[in-house]
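The values are calculated or read from the model by the stated rules, or taken from the named source; none is laboratory data. Just so we're clear, the structure is a prediction, and the values are computed from it rather than from any experiment. Neighbour counts run over all protein chains shown; Cβ positions are idealised from the backbone, glycine included.
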């Protein structure tokens, strides 16, 4: 009967690893050109590769990095705050997925407009790159991993209180009393404390 209770704890590593991979992949793929165009090379001094900043998704990069930050926060927090961060990660994943869904209808027009504005050239055609499809796969992985995190976070192990900031009661106990006797002064020196401080 105790075995099923421990089972969700084993999901911690795989789900967190999946979130890390998905977030990293999402941020990396969003920084690459999602759309490419034919015809921009005819403009003097302009190569298609110089349009990467126009054809990529800065919002997708930002959302991928926020997803990675959420994983880090989940690793070091506990309780309600930790659960709230997993919900935030779901919202971020939904935002990234919306960015990917919206890109095919917005990025080609944006690329055409920027090429026309900067060079006067017209793009003959545009197409989605492999980076876009990689970003789409990352969006699916991000949605799945964050949904699993929300479902399973209550059963995951939490960081202990050992590294929390000490409370005032602990502060009083941790402060050594000032030595008054000769023997106490020598003991303080042996322990590496300054008896005059």
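Among the candidates 103, 139, 149, the residue that is modelled with pLDDT of 95 or more and assigned by TED's automatic domain parsing to the domain that holds residue 32 is uniquely 139. Taking the criterion of being surrounded by fewer than 12 Cβ atoms within 10 Å (Cβ to Cβ) and free of Cβ contacts under 8 Å to residues at least 40 places away in the same chain, the residues of the range 131-164 that qualify are 160, 161, 162, 163, 164. Please pick out the residue among 64, 79 that is touching a residue at least 40 places away in the same chain (Cβ under 8 Å) and surrounded by fewer than 16 Cβ atoms within 10 Å (Cβ to Cβ). Criteria check complete, one pass: 79.
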